[in-house]
Amino acid sequence: MSLLIVGTMAFDALETPFGKVDRIIGGSGTYAAWAASNYTSNTKMVSIVGGDFPKEEIAALEARGVSFDGLEIVPDEKSFFWSGKYHMDMNTRDTLVTDLNVLARFDPKIPDSYQDAKYVMLGNLSPAVQISVLKQLKSRPKLVIMDTMNFWMDVAMDDLRTALSMVDLLMVNDSEARQLSGEYSLVKAAKKIQAMGPKYIIIKKGEHGALLFHGDKIFSAPALPLEDVFDPTGAGDTFAGGFIGYLTRIDDISFESMKAGIIVGSSMASYCVEKFGPTRLKEITADDISARVDEFVALANFEVR
């Protein structure tokens with residue numbers, strides 16, 4: 001099975017209570033691809049970068065089975081750049097700089113070589129871009145997941161509703177779920193969002209884990225308590241990449257498989273936050289991931305006598 005990822009490849013400048021970096025590799029597509037590459041060697045990337053994006057970063061992902069036939073490189077322009085500062089709780093942050101650069105002209109084209117993708121991940125991009133990608137696919141994928149954020153709810157709600165009607169699974173955090181649905185209860189919020197189109201909803205709750213909804217079924221995944229969180233940037237995209245990468249490998253989209261996928265995604269995200277950028281994702285092995293999954297299983301496993 002093959003996986004199509006549509007997302008950003010970018011530069012970030014970050015400051016957290018644990019340190020500061022001025023310019024590192026980032027982007028939703030980058031994090032998702034690194035995570036997914038642990039489970040599939042057939043990932044197809046659609047993104048846009050400027051001539052300043054390091055070729056060695058692309059080569060490193062190519063070595064992990066990521067295809068870049070759908071990557072647009074604009075030689076004389078700069079890549080997307082974001083700068084942010086995290087507060088002590090690491091759950092809140094201030095955006096300092098957002099330079100769209102080449103992202104402002106992103107009009108993705110899906111190559112013929114990508115048309116066989118059965119699993120699709122739409123990163124947090126304009127709903128109009130997400131819709132454009134889905135309309136270019138010649139056959140219906142087995143699973144389409146998408147990410148979105150409060151900003152698109154504020155400025156592009158009509159397009160967002162259209163995009164939601166075209167996907168199978170929506171990933172949002174708890175505040176986004178509440179804004180989108182108008183409901184404070186996450187159970188009620190999930191039901192309202194399902195009525196908009198997605199059959200599955202994953203609501204991410206940061207240090208409090210994640211919830212999976214499908215019809216009347218609910219699965220609550222824990223978060224692994226960590227002593228140190230150096231950089232939460234990209235954790236959500238890593239989670240998504242691990243989740244859909246796992247499903248791509250086993251080629252099963254049952255509720256039970258999605259439960260396992262959430263634990264896989266959570267395990268990778270827990271590694272991601274240990275260092276700045278995707279550095280940790282480049283270091284971990286299959287044994288590391290397996291060990292972290294076992295920690296998650298032990299965390300929530302109990303018997304009632």
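The values are calculated or read from the model by the stated rules, or taken from the named source; none is laboratory data. In this text the structure is predicted, and so the values were computed from the model without any measurement. FYI the Cβ positions are ideal-geometry reconstructions off the backbone, even for glycines, and counts take in every protein chain you see.
Being in a strand (DSSP E or B), over 18 Å from the mean Cα position of the chain (by Cα) and under 25 Å from N301 (Cα atoms), is that true of even one residue in the range 198-208?
Taking the range 198-208 first, the residues in a strand (DSSP E or B) are 200-204.
Of the ones still in play, those that are also over 18 Å from the mean Cα position of the chain (by Cα) are none.
The answer is no; no qualifying residue exists.
What is the residue count in the range 40-78 for residues that are crowded, with 20+ Cβ neighbours inside 10 Å, in a loop (DSSP other than H, G, I, E, B) and under 19 Å from the mean Cα position of the chain (by Cα)?
Selection size over the range 40-78: 1.
Quick one: is K142 among the basic types (K, R) and either in contact with a Gly (Cβ under 7 Å, 6 or more places away or on another chain) or within 19 Å of K199 (Cβ to Cβ) (or both)?
Numbers: among the basic types (K, R): yes; either in contact with a Gly (Cβ under 7 Å, 6 or more places away or on another chain) or within 19 Å of K199 (Cβ to Cβ) (or both): yes.
Considered against the rule, which asks whether it is among the basic types (K, R) and either in contact with a Gly (Cβ under 7 Å, 6 or more places away or on another chain) or within 19 Å of K199 (Cβ to Cβ) (or both), K142 comes out as yes.
Test each condition in (1) among the polar types (S, T, N, Q); (2) modelled with pLDDT of 95 or more; (3) out of contact with any Asp or Glu (no Cβ under 6 Å at 6 or more places or on another chain); (4) under 30 Å from F11 (Cβ atoms) for N124 and report the one that comes out false.
(3)
Which of the residues spanning the range 23-37 are in a helix (DSSP H, G or I) and either free of Cβ contacts under 8 Å to residues at least 40 places away in the same chain or of a type in the set (A, V, I, L, M) (or both)?
Taking the range 23-37 and keeping what is in a helix (DSSP H, G or I), we get 28-36.
Selection gives A32, A33, A35, A36.
What is the one condition in (1) surrounded by 22 or more Cβ atoms within 10 Å (Cβ to Cβ); (2) of a type outside the set (V, I, T); (3) part of a helix (DSSP H, G or I) that L299 does not satisfy?
(1)
Pick out the one residue from M146, M88 that is at pLDDT below 95 and either in contact with a strand residue (DSSP E or B) (Cβ under 7 Å, 6 or more places away or on another chain) or under 30 Å from G182 (Cα atoms) (or both). Write out each step before concluding.
Values: M146 fails: at pLDDT below 95.
Matching residue, one of M146, M88: M88.
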